[in-house]
1. Could you sort Trp128, Trp94 by accessible area so the largest value comes first, with the probe set to 1.4 Å?
2. So with the 1.4 Å probe, I'd like the accessible area per residue for region 124-180, rounded to whole Å².
3. Select from Phe96, Ile337, Gly493 the residue farthest towards the positive end of the dipole of the chain; place +1 on Cβ of Lys and Arg, -1 on Cβ of Asp and Glu, and compute about the Cα centre.
4. Enter the angle in degrees (range 0 to 90, nearest 10) between the Cα long axis of helix 306-323 and the first principal axis of the Cα atoms of the chain, meaning the one along which they spread out most.
5. Across the chain, where is the longest run that never hits trypsin sites (Lys or Arg not before Pro) in a DSSP loop with at most 11 other C-beta atoms within 10 Å?
6. Kirkwood Rh, region 163-224, all Cα pairs: how many Å?
7. Only Lys, Arg, Asp and Glu count, each charged at its Cβ (+1, +1, -1, -1), so figure out the dipole size of the chain about its Cα centre, rounded to 20 debye.
8. Please compute the per residue accessible area over region 396-482 with all protein chains in place, 1.4 Å probe, rounded to a whole number of Å².
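The values are calculated or read from the model by the stated rules, or taken from the named source; none is laboratory data. Nothing here was measured: the structure is a model prediction, and the numbers come from that model. Glycine gets a Cβ as well: all are built from the backbone with ideal geometry, and neighbour counts include every protein chain shown. Ligands, DNA and RNA are stripped out before the accessible areas are found, and what is left, the full protein with its side chains, is counted by its heavy atoms. Shrake-Rupley method; radii C 1.70, N 1.55, O 1.52, S 1.80 Å.
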Amino acid sequence: MVHTIANQDAATVNKYRGPDAYTFSDALALTNFGKFNYFLIFISGMVMAVVLLETSSMGFILPIAQCDLHLTNVDKGVLSAISFLGIISSSHLWGFLADTKGRRKVMRPTLLATFTVTILSSFAPNFWSMVMLRFLNGFFLASTATIYAYLGEFHTDKTRSRAIMGSAFIFAIGAMILPMIAFLVINQDWVLHLTFIGIDYKPWRLFVIVCGIPGFLCGLSLFILPESPKFLLAVGDEKKAIEVLKKMHRWNGGGKRLPNITNILPDEDDVVISTLKFSNNFDSNSNFAIVFLQTMWNQTVPLFQRRYLLITIIICNIQFWLFVITNGLYMWFPHIINSMAAFMQEHPGEHRQICEIVYAQEKNLYKNDGSIECINKLENSTYYYSFIMEILYASSFAFIGLIINHVGKKLILFISMIFFTSCGLVSIFIADPTIAAYLYVLFFLVGVAINVLGAATVDLYPTHLRAMAGCISLMIGRLGSVVGANIAGALMGQYCEWNFYIACGAMYVCGFLVLLLPRKSPEAAAKSEA
């Protein structure tokens with residue numbers, strides 16, 4: 001027999017609790033803020049960085065691997081997008097499992113599986129095998145979207161936003177490593193001839209593995225960290241939730257003795273869930289797949305009901321266009337910057353617009369006789385501009401972390417989206433390549449809005465919908481990555497400017513959509529009014 005998800009509001013549950021009980025928020029505050037939180041913020045930031053390292057590394061690989069894998073511009077677009085397609089295909093599944101089985105229980109095995117597939121993909125002999133393996137890589141990588149809910153549920157309302165922005169700073173530091181790793185690994189001259197699988201193992205293949213190592217280490221770290229106490233409480237496992245809080249208190253140095261907590265009351269805007277279970281005498285005539293999909297559907301539907309519909313639509317729309325730029329168009333960042341660096345080196349003092357340089361470079365790469373000019377190394381300036389971008393990312397996250405509780409997420413989102421988008425639009429009209437390059441770098445800093453929006457998403461949904469909301473919004477975002485990477489590949493050779501016109505126009509609209517988001521979740525707002 002199948003027991004489906006049953007929801008009860010916190011007020012109903014709290015009627016049956018004993019005296020001297022604490023609300024979850026009060027109990028969490030008693031654990032203090034210390035070593036446990038800092039370690040969790042660090043690991044969460046690295047998990048976020050794993051997504052960038054595993055996906056954006058392709059941007060550095062494709063210009064170098066075009067001869068080894070015989071890549072056209074369309075092929076490059078496919079390889080740029082295929083990991084995101086894998087992420088899209090499984091985001092719903094991981095969101096459902098994270099909301100019903102546990103955040104850590106989902107992320108731990110999938111991070112280890114991601115690294116295993118990464119190792120295999122470094123030995124891919126041709127385009128199609130690389131496509132298949134990078135798709136699988138994305139399939140497992142999608143579970144990392146749960147990290148926002150996981151991190152947020154270890155923190156109170158007072159510390160949550162700063163914790164998420166702290167992890168975003170760690171993410172930016174991790175991202176800063178990407179161009180450094182690329183410079184140190186890709187620009188080497190060695191080759192290993194692996195004739196038994198028919199490939200020449202070059203530095204770019206090792207670079208694929210190196211970018212996957214942080215994910216492996218994060219997967220191991222999750223054996224140390226506990227399950228989210230708020231999730232445990234939401235599924236009715238109060239005893240384990242109390243054990244986790246005691247562990248947090250010990251890690252944070254103890255200090256003032258933790259009171260003897262016998263009961264934890266759900267916060268008033270929470271819902272207590274009984275998760276999907278199957279009894280021993282499960283009806284063999286029932287179709288497991290249908291029951292599973294129906295339950296997953298029931299977990300998703302509330303996000304699109306009247307109470308959350310506008311919030312979900314706005315967040316998904318903004319995520320889509322943010323990812324079009326920061327993942328889709330970013331895949332072509334090393335290609336465009338490398339073209340600009342080569343132009344400035346070959347034509348010092350000459351002025352041309354970004355897209356004019358790209359058009360000239362396309363003619364040099366793809367000859368009229370169908371041959372491809374091989375690039376064995378990227379220009380040093382390519383790494384320089386990439387490194388500058390990551391430094392600015394880290395600085396932006398650090399600054400936002402300091403002001404987010406005072407200024408508010410909506411204002412930060414609005415200003416960052418409008419300002420950085422304007423930098424990108426202006427860059428294509430500037431004829432000085434150096435100035436245009438810096439403006440082009442600033443364009444991609446619009447990505448800081450993704451993490452701020454992630455923090456807002458945690459605040460706008462209750463515990464039992466939080467991971468699903470995060471996974472679905474990021475799934476839509478990754479769809480934007482696929483669209484952005486492939487459209488950029490199709491337009492780059494002849495209609496380069498339209499990449500900027502389309503993305504920047506949509507981002508201006510998204511900037512104003514942010515202003516329509518509420519400051520609190522519907523439950524919290526209703527409680528305040530009452």
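1. Numbers: Trp128 180, Trp94 30 Å².
So, going from the largest accessible area down, we get Trp128, Trp94.
2. Working: 1760 Å² over 57 residues.
I get 31 Å² per residue for this part.
3. Final value for the positive-end residue is Phe96.
4. 30 degrees
5. Values: sites that count: Lys15, Lys256, Arg257, Lys367.
The segment 16-255 is the longest one with no such site.
6. Details: mean 1/r = 0.0725 Å⁻¹.
Mean inverse Cα-Cα distance, inverted, gives 13.8 Å.
7. Working: 37 positive and 33 negative charges, 326 e Å.
The calculated dipole for the chain is roughly 1560 debye.
8. Numbers: 2380 Å² over 87 residues.
On a per-residue basis, 27 Å².
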